[in-house]
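First the structure, in the form of structure tokens, and then the observations on it.
Nothing in this text is a laboratory measurement; each read-out follows from the coordinates by a stated rule. Note that this is a predicted model, so its numbers are computed, not measured. Using ideal geometry, Cβ is built from the backbone for each residue, glycine included, and neighbour counts are taken over all protein chains shown.
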Amino acid sequence: MNVDDYRKAYEAELAADAATVGATEAADSAIGHDPSDRIPALLATLGDANQSLLARIAALKAISAIRFLGVVFAPHRVAFLNILRQIAQPGTDPQLYERALAILAAEKDPDTQQRLRSGLKDPQAALVSPATALRLLSFDDHAGLADLALDVFHKAVDLATKEAALRVLATDAKSQDLFAKLLQDKSQPRSLRALSVTGLNYLNPQKFAEIAQNIVKDHGDYEDVRASALGALANTPLHHVIRDNAKFLDEIKTLGAQSPLENLRAAAGRFLTRS
Amino acid sequence: MNVQIDIAGADAQGRAFLTWAPVPATAKMVGGADGGATDVVLRSAGSLGGLVFDTVRSDQGKSSLTLNLPNDGQPVAFFVAGEFQKPSSTFGDAVLEASDKATGNVLGSKAVMVRIRKNAQTLPAPERDRYLAALGILNARGQGAYRDFRDMHTDETTREMHGSPGFLPWHRAYVLDLERALQAIDATVTVPYWRFDQPAPNLFTADFMGESDSNEVAQFRPGHPLNQWATDHELGIIRGLDFDLNGPANVISETATMRLGNTYTRFATGRLGMEIDPHGSAHVSFSEASRIHFIGTAVRDPVFFMLHANVDRLWAKWQWVNHRTLATDPAAFARTATDNIGHHLGDTMWPWNGITGGARPATAPGGPFPATKVTPAPGPTPKVAAMLDHLAVNGGDPLGYAYDDVPFELPPTVVAGGP
């Protein structure tokens with residue numbers, strides 16, 4: 001399209017839209033231009049238990065958006081966190097409660113982190129599910145969660161908690177044997193084996209490459225596990241070394257060309273096109 | 001007798017990557033007679049990407065151009081650009097063909113790519129997959145160069161890029177830096193934008209940026225390049241949607257964004273400025289457990305760059321609509337306190353300037369701004385002003401990228417052919 005015509009069309013679109021919202025916009029533009037003007041009223045709404053849940057969540061979202069202004073929000077940060085601490089107490093609606101807890105965890109609030117840790121050790125004291133607690137504690141990359149996560153992994157009976165624990169353990173050097181064991185054990189849930197692909201590749205690429213090549217070649221193993229392993233081999237620092245293995249490369253070429261399994265075929269394609 | 005075509009900014013393999021901004025090129029006869037000249041028609045002959053030509057730098061290029069080429073091999077200059085709204089999908093699907101006007105015989109051709117940032121929702125699968133593969137390699141299980149990008153945007157560095165006029169220029173540079181890193185892996189890749197004011201169900205799928213499960217973990221198809229995603233010792237991407245997957249995020253529309261005001265202050269950083277909504281609102285359209293929800297952890301989620309490509313697109317579109325690309329235009333940027341270092345037009349931007357300590361952060365990850373053969377802009381230590389005119393409509397060098405819905409249009413004050 002000619003640029004002049006394109007401009008006319010876009011300006012017409014803007015004009016048509018402006019006509020439908022003129023009154024609202026005029027009211028908005030009558031308010032001042034300082035973003036911090038809005039913050040006290042929003043904090044008051046958020047902290048007011050008599051306000052509706054929707055109004056309080058809307059205020060929280062609006063404050064969260066304004067927080068992207070960084071220094072502009074800084075003078076209000078302490079008041080905001082204090083309100084969140086009040087909200088993050090038993091008795092608050094769970095929808096608001098969990099949101100407040102997440103923000104406090106992201107802020108690395110020591111009391112919140114301690115309460116989340118306590119809940120992982122003692123289910124009676126848990127604020128949220130173990131999987132959620134691990135996700136929230138992981139905001140802090142210096143949280144030192146490995147021992148706690150390993151304990152959670154062994155005690156947990158539900159898959160979601162085990163998965164969350166493995167995500168934490170994936171950066172713990174001591175956990176590489178656990179990942180190697182899970183990855184090679186066909187009786188394990190496939191989601192745990194898929195996470196073990198990533199975990200072992202992260203912790204010990206050499207060991208991972210050896211195990212993964214065997215899994216990829218094993219036609220009796222599950223497609224998704226084989227595809228995950230092959231996809232990871234395309235993304236390992238040892239990729240070029242693995243490509244030098246002519247026999248394995250032929251196997252991948254065959255998979256890429258002939259495998260009836262879509263994920264495996266696609267992963268083979270990615271492995272082969274990686275330069 | 002052949003025609004040789006040379007386009008400025010070709011890479012080491014001779015490949016030219018174009019946007020909507022015209023770039024200089026030459027055509028010359030090779031193996032012709034000593035005297036006389038031949039009328040040669042240049043035309044766009046690709047299977048997908050379109051090209052336009054002109055003898056001067058203009059926004060009125062045509063799909064064919066006749067040049068009178070001296071047979072002795074003297075080059076003749078012209079300008080070539082991608083034809084607006086006819087982007088390439090891959091290298092070589094745009095072709096510049098030169099033929100003898102008298103006989104119609106093809107005397108030469110040059111394969112190029114019209115490399116344009118596109119809407120992620122409608123991105124063709126092959127382009128999506130190349131983008132993802134490059135992103136996965138850049139991340140390299142948390143140990144690749146993506147770590148530098150992660151380290152640039154943290155709680156400790158916030159003042160460099162948020163809450164001040166430099167918000168939009170800094171993030172423009174940031175997305176471009178990442179894009180160039182991806183292009184060093186695969187030159188055909190651009191950063192797609194997440195148009196957050198429209199439904200984008202194709203984006204949050206197991207094939208693309210991950211489908212959030214009930215535990216707010218992005219799930220990918222087995223073998224997906226982002227299955228290995230890791231940042232900050234965190235495996236995977238924690239992301240929950242607080243909006244309907246089949247609807248827009250909780251943001252104002254594009255047209256409402258354009259109406260925020262026709263000065264930069266009102267548009268970008270004011271009380272109702274776009275840094276809050278749609279930008280901040282897009283970030284917090286995800287659950288509070290989502291890493292993208294917070295400045296300090298947002299870059300753990302690679303959707304960050306697609307969100308910010310859209311923020312940049314909105315700025316680029318606002319600049320185009322209002323002709324606000326000239327650094328000397330007081331409405332094109334905002335003034336700020338003298339000591340607000342990094343947010344004046346003449347300030348260099350951290351971390352690319354390498355300055356640490358004092359008002360700047362303690363470290364400067366990533367090094368200087370990466371160079372590209374496509375354009376010398378913005379240089380290794382870009383200033384804020386260098387980011388204002390991404391297509392160089394006022395002259396100078398473009399930044400080497402463009403959006404599929406923001407055209408190259410000369411401002412009213414600039415005539416074709418100059419500056």
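Under 17 Å of direct C-alpha separation, and excluding same-chain neighbours fewer than eight residues apart, B:Lys317 reaches these lysines: A:Lys8, B:Lys118. Over region B:14-140, the alpha carbon radius of gyration divided by the compact-protein estimate 2.2 N^0.38 Å works out to 1.23. Taken along its principal axes, the alpha carbon cloud of the protein assembly as shown reaches lengths of 94, 72, 47 Å, longest axis first. By the count of neighbouring beta-carbon atoms within 10 Å, fewest first, A:Met1, B:Met258, B:Met387 end up ordered A:Met1, B:Met258, B:Met387. Going toward the positive end of the dipole of the protein assembly as shown, with +1 on Lys and Arg Cβ and -1 on Asp and Glu Cβ, which of B:Trp352, A:Gln258, B:Phe305 do you reach last? The listed residue farthest towards the positive side: A:Gln258. Ordering A:Tyr10, A:Gly231, B:Ala45 by Cα displacement along the dipole of the protein assembly as shown toward the positive end leaves A:Gly231 in first place; charges were set at the Cβ atoms of Lys, Arg (+1) and Asp, Glu (-1). Alpha-carbon geometry of region B:156-313: the Rg and the Dmax are 15.6, 48 Å, given in that order.
The charge dipole of region B:210-259, taken about its Cα centre with unit charges on the Cβ of Lys, Arg, Asp and Glu (plus for the first two, minus for the last two), comes to roughly 180 debye. Here each label is just a point 7 Å from Cα along the line to Cβ, and for A:Asp17 and B:Gln143 those points are 4.7 nm apart. State log₁₀ I(q)/I(0) for region B:272-311 at q = 0.18, 0.20, 0.26, 0.30 Å⁻¹ as given by the Debye formula over alpha-carbon point scatterers of equal weight, solvent excluded. Scattering profile of region B:272-311, log10 relative to I(0): -0.42, -0.52, -0.85, -1.07. By the beta-carbon count within 10 Å of each Cβ, the least crowded to most crowded order of B:Thr297, B:Thr205, B:Thr157, fewest first, is B:Thr205, B:Thr157, B:Thr297. Taking chain B as the reference, fit the longest principal axis to its C-alpha atoms, fit the long axis of helix B:167-185 to the helix C-alpha atoms, and give the angle between the two in degrees, 0 to 90, nearest 10. Here the helix axis deviates by roughly 60 degrees.
In a shell of Cβ-Cβ distance under 15 Å around A:Gln124, excluding A:Gln124 itself, what net charge do Lys and Arg (+1) and Asp and Glu (-1) give?
Working: positive: A:Arg115, A:Arg117, A:Lys121, A:Lys155; negative: A:Asp122.
Once all neighbours under 15 Å are counted, the net charge is +3.
Equivalent-ellipsoid semi-axes for region B:85-193 (Cα gyration tensor, √(5λ), whole Å, largest first): 37, 17, 12.
Stokes-Einstein diffusion for chain B at 4 °C, viscosity 1.567 mPa s, with a Kirkwood radius from C-alpha pairs, works out to 58 µm²/s.
Magnitude of the charge dipole for chain B, about its Cα centre and with charges confined to Cβ atoms of Lys, Arg (+1) and Asp, Glu (-1), is about 380 debye. Relative to the longest principal axis of the Cα atoms of chain B, the long axis of helix B:125-139 lies at roughly 60 degrees.
In vacuo Debye scattering of region A:174-275, one point per C-alpha: log10 I(q)/I(0) at q = 0.16, 0.17, 0.18, 0.19 Å⁻¹? Per q value, in the given order, log10 I(q)/I(0) is -0.59, -0.67, -0.76, -0.84. As a calculated quantity, the FRET efficiency between B:Ala371 and B:Asp186 at R0 = 25 Å, using C-beta atoms, amounts to about 0.90. The dipole here belongs to region B:60-192: it is taken about the Cα centre, uses +1 on the Cβ of Lys and Arg and -1 on the Cβ of Asp and Glu, and is about 220 debye. Label positions at A:Ala79 and A:Leu238, each projected 7 Å from the Cα along the C-beta direction, are separated by 5.7 nm. Its Cα gyration tensor gives region B:249-338 an equivalent ellipsoid. The semi-axes, each the square root of 5 times an eigenvalue, are 25, 14, 12 Å from largest down. Measuring max minus min along each principal axis, the C-alpha atoms of chain A give extents of 73, 66, 29 Å (largest first). A simple spin-label model places pseudo-atoms 7 Å from Cα toward Cβ; at B:Thr381 and A:Asp151 they are separated by 5.2 nm.
Taking 0.36 nm per residue of separation and subtracting the current Cα-Cα distance, fully stretching the chain between B:Gln60 and B:Thr205 would add 48.2 nm. Here the mean projected area of the convex hull built on the C-alpha positions of region B:192-246 is 4.3 nm².
For A:Lys108, the lysines whose Cα falls under 22 Å of its own Cα, not counting residues fewer than eight places away in the same chain, are A:Lys61, A:Lys121. Result for chain A in a Gaussian network model with C-alpha springs under 10 Å: among A:Thr45, A:Thr198, A:Thr20, the largest mean-square fluctuation is at A:Thr20.
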